[in-house]
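The structure under discussion appears below in the form of structure tokens.
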Amino acid sequence: MKRITLHPSGPECSPVASGVWRMEEWDHSPRDTIEWIETCLEAGITTFDHADVYGQYTTESRFGQALKLSPSLRQKIELVSKCDVCITCENRPENHINHYNTSPEYIRQSVERSLRNLSTDHLDLLLLHRPDPLMNADHTAGVLAELQTEGKIKHIGVSNFTPSQVSLLQSRLDTPLVTNQVECSLLHTEPLFDGTFDQAQEIRSRPMVWSPFAGGRLFAGTGERSRRVKEAIMPLKEKYSATAGQIALAWLLALPCKPQPVIGTGKTDRIREAAGAVAIELDRQDWFTLLVASQGHPVP
Amino acid sequence: MKRITLHPSGPECSPVASGVWRMEEWDHSPRDTIEWIETCLEAGITTFDHADVYGQYTTESRFGQALKLSPSLRQKIELVSKCDVCITCENRPENHINHYNTSPEYIRQSVERSLRNLSTDHLDLLLLHRPDPLMNADHTAGVLAELQTEGKIKHIGVSNFTPSQVSLLQSRLDTPLVTNQVECSLLHTEPLFDGTFDQAQEIRSRPMVWSPFAGGRLFAGTGERSRRVKEAIMPLKEKYSATAGQIALAWLLALPCKPQPVIGTGKTDRIREAAGAVAIELDRQDWFTLLVASQGHPVP
Amino acid sequence: MKRITLHPSGPECSPVASGVWRMEEWDHSPRDTIEWIETCLEAGITTFDHADVYGQYTTESRFGQALKLSPSLRQKIELVSKCDVCITCENRPENHINHYNTSPEYIRQSVERSLRNLSTDHLDLLLLHRPDPLMNADHTAGVLAELQTEGKIKHIGVSNFTPSQVSLLQSRLDTPLVTNQVECSLLHTEPLFDGTFDQAQEIRSRPMVWSPFAGGRLFAGTGERSRRVKEAIMPLKEKYSATAGQIALAWLLALPCKPQPVIGTGKTDRIREAAGAVAIELDRQDWFTLLVASQGHPVP
């Protein structure tokens, strides 16, 4: 499978990423995790999307145990992780309310913990997980630049940021924000119209996209909207010799901001299926047929 | 009538433009069209606003037949046209859903067809008709720049774009987007408040304004809002010795982004009426009286 | 009390400002006003927030009479005033509808009248009070720059502007807009999320904040939202040895755009109370507890 770069300055990635936010549910042994990583690699997926908070702050070390057992894997993959989300849970008794923390002390502590948990000396990409209304951009950019200089993080990005939040943080950094990871799917088209993807294309920073299947609602959903989208996908499956999931991914991959969808599956066939979507080029009118089905009205 | 420039770099235009989106309904012979153009010119209106799609892709050639019959007209007018809207109709059997197309191939093909249909070797201004979520700004800007270099289009603009869409396309062009043609009227005041006209003024790109009479609802409308506006216009007719339509246009012409209203009438007296609005300078308090009538509440 | 600068270029101010929009109700004699000013100064509050329109255009001269009686006060304070709001009232028989006026003639006339009324030769800061849809940014910036060159206003700012309005006016000025005074409180959190405070932080222009107690609704309000906020403040009063009002101000002062709250009280104890809030540093989780109480749902 071809490679992409999220931003002209890097990092080089696979066109689809594997996210581990549901890894806890897969009940993998370290050996199972190694096998799963290798399945991804065979399918051409080399980018792994983490966050410190996944699995209530346990998923990074689960993944790290696999890397420790099979250290050669590290050089074959890109590790993305995130910080700043602080939730109340057993592993964080100090938290008494869900909140965000973009203070330099917290970010440094969080990144260094992620490195230890992942059994690695660097993240290929660190994202601020959620916009923090208390973010002092000078302070936050300062620690991000330091961690980059120290080689602990190779690239910097954000997640769930509005265009003005991206602009603010970028104004304090000498290196580019290489991505803004946001939710997007045929059931969540806001970033196409609210300026998020316009900005992404303008600054040549490819979005990563979470929930590309709308958390499963795209196929299992019962509402009017998902019913319309499912029906519109139907005839395209045969035309493109593709699954519904592949059509949904191909719809995202056709966007001119060139997003990298993050899939979240532990299943071998689903991984291969997702990787296969990269080769599909949807016809423009088919793309609009799906948009119109999602919106429920013709384009103006 | 005085002349305006849409942008410091051009083009020079009349302060009001004549739009032809309803020309099919006028049932003009080529001679009638010549007469109508001359009526516009006599009234000082030299800018003619087309789109490939008007009349289901037939209006450009209707207009072009008149230009062929009276070739000297071409040098007296500015031709604006638009592309990228693809509708399903007999003349476009290849379209099976209404959509947009900003691909280089399509834009080139569309502009060259517009030139043939209009019997001209250049457009004074080409607009992208609608924002296309699939617009690859590099590719689209590339073909626009090429067409400009080839002399086929003198200036480039857009229509119905949001500020972030303008910013994106402008970032890839070496020449300015000279206008963003948007809907605005006393019944559609959004561009005054959503950043559209702030951006227009900031980049010194005068908007063209479509539906300046809200498609007739301003006078014939039965809703609360149009009733309020009609009542507020009433006393101003006498004060300014003006028609209701002229007051409505003068309200737009007073805006500091200095829009060029596009009227859409085939009737001689309506053309002269519109041209006459340019001389009216609404008093500031009268302007606010109309805004308040439109909004239905005092300013904060 | 420590000093702040609204913008790196100035002006230097107190961290909390005293606003006089309710001064008419206080029924102060000139001597009372002097005493009130001195109470503010003793509490460390040196910035006084005026607008020509307060008290139906009478409050500036009421304040000015006090300055005339005690001229040495002028050098101890910063005078902020505003212009462009034109209301219908006895003192402005020429107004027949509430409106805005940012024309050069009006702004000059208004500022010169403010100087006379306030018995001063300069304003430390002039704000445009409300965004005027008829603002011609070239003209408005022109007169503001002139008044600054003449020494009549030391700094320029705006109030109630959107980010695109700030960007437009700034594009025509060689000196920075040092503040955008907007409404913000635990019952009005929009500026945290709509780009207003992102822009403020990006351009290093600290907002002034009006209605920091939501016009009293924060304490006296009966709605669900103010009830939730009041309950969330309760346990923090003891923790920080602070009043509810101080907690509400500390919540604002914690924002990374570093706003200057404008309080509007004539009462000595309330002035001291507000000044005391500056020393309180809310814990991050306490800050989020208040945000969540205001929003009525956890952070995403």
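The values are calculated or read from the model by the stated rules, or taken from the named source; none is laboratory data. Since this is a predicted model, take the numbers as computed values, not measurements. Methodologically, a virtual Cβ is constructed for each residue, glycine included, from the backbone with ideal geometry; neighbour enumeration extends over all protein chains shown. Just the protein is used for accessible areas: all its heavy atoms, side chains included, with ligands, DNA and RNA removed. Shrake-Rupley method; radii C 1.70, N 1.55, O 1.52, S 1.80 Å.
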Original post:
What do you reckon, is B:PRO235 of a type outside the set (Ser, Thr, Tyr) and assigned to a loop (DSSP other than H, G, I, E, B)?
Top reply: no
**OP:** Examine region C:94-104 for a residue that is under 29 Å from C:SER70 (Cα atoms) and either of a type in the set (D, E, K, R) or crowded, with 17+ Cβ neighbours inside 10 Å (or both), and state whether such a residue exists.
**Re:** no
Subject >> Number of the exception - C:SER72 against (1) open to solvent by 20 Å² or more (accessible area, probe 1.4 Å); (2) in contact (Cβ under 8 Å) with a residue 40 or more places away in the chain; (3) small (Gly, Ala, Ser) >> reply: (2)
**OP:** Could you tell me which of the residues B:THR39, B:THR46 is closer than 22 Å to B:GLN181 by Cα and of a type outside the set (Gly, Ala, Ser)?
**Re:** B:THR46
Subject >> Filter result for the condition that a residue is part of a loop (DSSP other than H, G, I, E, B) and not hydrophobic (A, V, I, L, M, F, W, C), over A:THR265, A:THR289 >> reply: A:THR265
**OP:** Could you please give the count of residues in region B:106-121 that are assigned to a helix (DSSP H, G or I) and open to solvent by less than 20 Å² (accessible area, probe 1.4 Å)?
**Re:** 5
Subject >> Pairs with Cβ under 6 Å, 6+ apart, first in region A:30-47 and without any contact (Cβ under 8 Å) to a residue 40 or more places away in the chain, second assigned to a helix (DSSP H, G or I) and open to solvent by 10 Å² or more (accessible area, probe 1.4 Å) >> reply: A:PRO30/A:GLN65; A:PRO30/A:LEU69; A:LEU41/A:LYS76
Subject >> Pick from region C:85-105, criterion facing chain B (nearest Cβ under 9 Å) and not in a loop (DSSP other than H, G, I, E, B), ranking: farthest from B:ARG284 (Cα to Cα) >> reply: C:VAL85
Subject >> Subset of region A:233-263 [away from every other protein chain (no Cβ under 14 Å), touching a residue at least 24 places away in the same chain (Cβ under 8 Å), of a type outside the set (Phe, Trp, Tyr) and farther than 15 Å from A:LEU187 by Cβ] >> reply: A:ALA242, A:THR243, A:GLN246, A:GLN260, A:VAL262, A:ILE263
Original post:
Yes or no: B:ALA274 in contact with a Leu (Cβ under 7 Å, 6 or more places away or on another chain), of a type in the set (Gly, Ala, Ser), more than 14 Å from chain C (Cβ to nearest Cβ) and within 30 Å of B:ASP32 (Cβ to Cβ)?
Top reply: yes
Subject >> Failed item, numbered, when A:ASP27 is tested on (1) modelled with pLDDT of 95 or more; (2) more than 19 Å from the chain's Cα centre (by Cα) >> reply: (1)
Original post:
If you take the residues in region A:148-163 that are more than 19 Å from A:THR5 (Cβ to Cβ) and surrounded by 21 or more Cβ atoms within 10 Å (Cβ to Cβ), which one is farthest from the other protein chains (Cβ to nearest Cβ)?
Top reply: A:PHE161
**OP:** State yes or no: is A:GLU60 closer than 19 Å to A:ARG130 by Cβ and part of a helix (DSSP H, G or I)?
**Re:** yes
Subject >> Subset of region C:213-232 (residues that are free of Cβ contacts under 8 Å to residues at least 60 places away in the same chain and either outside any helix (DSSP H, G or I) or open to solvent by less than 40 Å² (accessible area, probe 1.4 Å) (or both)) >> reply: C:PHE213, C:ALA214, C:GLY216, C:LEU218, C:GLY221, C:THR222, C:GLY223, C:SER226
Subject >> Filtered residue count, region A:9-24, keeping only those that are in contact (Cβ under 8 Å) with a residue 40 or more places away in the chain and out of contact with any strand residue (DSSP E or B) (no Cβ under 9 Å at 6 or more places or on another chain) >> reply: 2
**OP:** Kindly indicate the residue of region A:165-206 that is within 14 Å of chain B (Cβ to nearest Cβ), assigned to a loop (DSSP other than H, G, I, E, B) and of a type in the set (Val, Ile, Thr) and also least open to solvent (accessible area, probe 1.4 Å) among those meeting that condition.
**Re:** A:THR189
Subject >> Filtered residues of region C:279-290 (kept if more than 7 Å from chain A (Cβ to nearest Cβ) and open to solvent by less than 30 Å² (accessible area, probe 1.4 Å)) >> reply: C:ILE280, C:LEU282, C:ASP286, C:LEU290
Original post:
In region B:122-145, what residues are within 14 Å of chain A (Cβ to nearest Cβ), part of a helix (DSSP H, G or I) and open to solvent by 10 Å² or more (accessible area, probe 1.4 Å)?
Top reply: B:ASP138, B:HIS139, B:GLY142
**OP:** Please tell me if A:ILE37 is open to solvent by less than 20 Å² (accessible area, probe 1.4 Å), assigned to a loop (DSSP other than H, G, I, E, B), under 30 Å from A:LYS258 (Cβ atoms) and hydrophobic (A, V, I, L, M, F, W, C).
**Re:** no
**OP:** Hey, could you check region B:3-26 for residues that are among the aliphatic types (A, V, I, L, M) and in contact with a helix residue (DSSP H, G or I) (Cβ under 7 Å, 6 or more places away or on another chain) and say which is surrounded by the most Cβ atoms within 10 Å (Cβ to Cβ)?
**Re:** B:VAL16
**OP:** Out of the residues in region C:233-266 that are in contact with a Lys or Arg (Cβ under 7 Å, 6 or more places away or on another chain) and within 15 Å of C:THR289 (Cα to Cα), state the one that is most open to solvent (accessible area, probe 1.4 Å).
**Re:** C:ALA244
